[in-house]
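Enquirer: Mind having a look at this structure? Questions to follow.
Coordinate-derived values only; no laboratory data. Keep in mind it's a predicted model, so treat the numbers as computed, not measured. Neighbour counts run over all protein chains shown; Cβ positions are idealised from the backbone, glycine included.
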Amino acid sequence: MGKAGLRRVFLTAACFMPVLACSPSSPDESGFASGEEDTVPRLDPGEARSILQRWFDTHLQCTPFFAMPWDLPVDATYSRKRAQAFIDAGLLRFEGEQMIPDPNSGSGRRQVARYGPTPEGAKQFRPGAGDLKDMPVTLCYGRPVISDVEIGTVDDMMRQVDVTYRYRLANIPTWARAPSLQAFYPGFKDWLAREEDARQTFRYKDGSWALEQDPSPARFDLRQLAH
């Protein structure tokens, strides 16, 4: 090969060198592909406790209750005994017997005993919130206070972690300790005093940890006749 031919080969190779030098690094060499960008920071127990407590400070532990006014069949002895327990606790008052429309009755009407809230009851009964948002009436009986938190293993791919926490109830209202209610619901007194364990998933998003969904700890349902 002559000098001219060698010169052409050298120039052609030189033309390719900048292209190779400027080409992007392979996926194996990038931080993203190696997983560095996918790693999320560990969730500190103090931070998890603070996030949970802020939520519970504005979301008391509540039970679904009956729509007001609360109408009961006049012959529903046991249900009326329950209503009397709430009367003795200062939350309800008996408003008398009434005839109300009833398409399932032969006469088209039926007689009921009607109960409504007292002034104190009106302060205590409230629309549902959180996982009880579809309940028209709820009754709240305490504020959960977080006493212990345990962080699980972070799932870097899903960017989440399960947290187990323990809580007890504080700020229990006077009505919840009424002898009439604790006699009708024998387990209610122990429920108010015990510690409970619950689990909550946290998700890392937009640079911080947050609750994946609203907590829904176990509750004492006062609509149930037996516990």
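Enquirer: On the basis of being over 19 Å from ARG49 (Cα atoms) and hydroxyl-bearing (Ser, Thr, Tyr), does THR164 make the cut?
Expert: no
Enquirer: Give me a count of the residues in the stretch 138-159 that are buried (at least 17 other Cβ atoms within 10 Å of the Cβ) and either on the phi > 0 side of the Ramachandran plot or in contact with a Pro (Cβ under 7 Å, 6 or more places away or on another chain) (or both).
Expert: Within the stretch 138-159, residues that are buried (at least 17 other Cβ atoms within 10 Å of the Cβ) and either on the phi > 0 side of the Ramachandran plot or in contact with a Pro (Cβ under 7 Å, 6 or more places away or on another chain) (or both) number 6.
Enquirer: Further question: Evaluate the following for ARG82: is it in contact with a helix residue (DSSP H, G or I) (Cβ under 9 Å, 6 or more places away or on another chain), of a type in the set (Lys, Arg) and either at positive phi or touching a residue at least 12 places away in the same chain (Cβ under 8 Å) (or both)?
Expert: Against the criterion (in contact with a helix residue (DSSP H, G or I) (Cβ under 9 Å, 6 or more places away or on another chain), of a type in the set (Lys, Arg) and either at positive phi or touching a residue at least 12 places away in the same chain (Cβ under 8 Å) (or both)), ARG82 qualifies.
Enquirer: Of the residues in the stretch 37-94, how many are of a type in the set (A, V, I, L, M) and part of a helix (DSSP H, G or I)?
Expert: 6
Enquirer: I want to confirm something. Restricting to the stretch 177-213 and keeping residues that are within 22 Å of the chain's Cα centre (by Cα) and part of a helix (DSSP H, G or I), which single residue is nearest to HIS59 (Cα to Cα)?
Expert: If we take residues in the stretch 177-213 being within 22 Å of the chain's Cα centre (by Cα) and part of a helix (DSSP H, G or I), then LEU192 is nearest to HIS59 (Cα to Cα).
Enquirer: Give me a count of the residues in the stretch 65-81 that are surrounded by 16 or more Cβ atoms within 10 Å (Cβ to Cβ) and in contact with a Gly (Cβ under 7 Å, 6 or more places away or on another chain).
Expert: Residues that pass the stated criteria total 1.
Enquirer: Continuing with the same structure: So how many residues does the stretch 160-178 have that are surrounded by fewer than 17 Cβ atoms within 10 Å (Cβ to Cβ), β-branched (Val, Ile, Thr) and either in contact with a His (Cβ under 9 Å, 6 or more places away or on another chain) or within 17 Å of GLU195 (Cβ to Cβ) (or both)?
Expert: Looking only at that region, the number is 2.
Enquirer: Something else now. Name, by its number, the condition in (1) in contact with a Lys or Arg (Cβ under 9 Å, 6 or more places away or on another chain); (2) closer than 23 Å to TYR165 by Cβ that does not hold for TRP55.
Expert: All conditions pass for TRP55, except number (1).
Enquirer: For the condition of a type in the set (S, T, N, Q), in a loop (DSSP other than H, G, I, E, B) and over 30 Å from THR77 (Cα atoms), what is the one hit in THR164, THR153?
Expert: None of the others qualify; the one that does is THR153.
Enquirer: Considering only the stretch 101-124, I want to know if a residue exists there that is under 20 Å from the mean Cα position of the chain (by Cα) and surrounded by 15 or more Cβ atoms within 10 Å (Cβ to Cβ).
Expert: No, that holds for no residue.
Enquirer: Can you report the number of residues in the stretch 118-146 which are within 21 Å of ARG177 (Cβ to Cβ) and not in a loop (DSSP other than H, G, I, E, B)?
Expert: Qualifying residue count for the region: 16.
Enquirer: Might you check whether a residue that is farther than 21 Å from ARG54 by Cα and among the small types (Gly, Ala, Ser) occurs anywhere in the stretch 198-216?
Expert: No: the stretch 198-216 contains no residue that is farther than 21 Å from ARG54 by Cα and among the small types (Gly, Ala, Ser).
Enquirer: Please state which of the following conditions SER216 fails to meet, knowing it meets all the rest: (1) part of a strand (DSSP E or B); (2) among the hydroxyl-bearing types (Ser, Thr, Tyr); (3) within 15 Å of CYS62 (Cα to Cα).
Expert: Just one mismatch for SER216, condition (1).
Enquirer: Identify the residue in the stretch 54-71 that is within 15 Å of the chain's Cα centre (by Cα) and without any contact (Cβ under 8 Å) to a residue 60 or more places away in the chain and, among all such residues, is nearest to ARG114 (Cα to Cα).
Expert: Among those that are within 15 Å of the chain's Cα centre (by Cα) and without any contact (Cβ under 8 Å) to a residue 60 or more places away in the chain, it is THR58.
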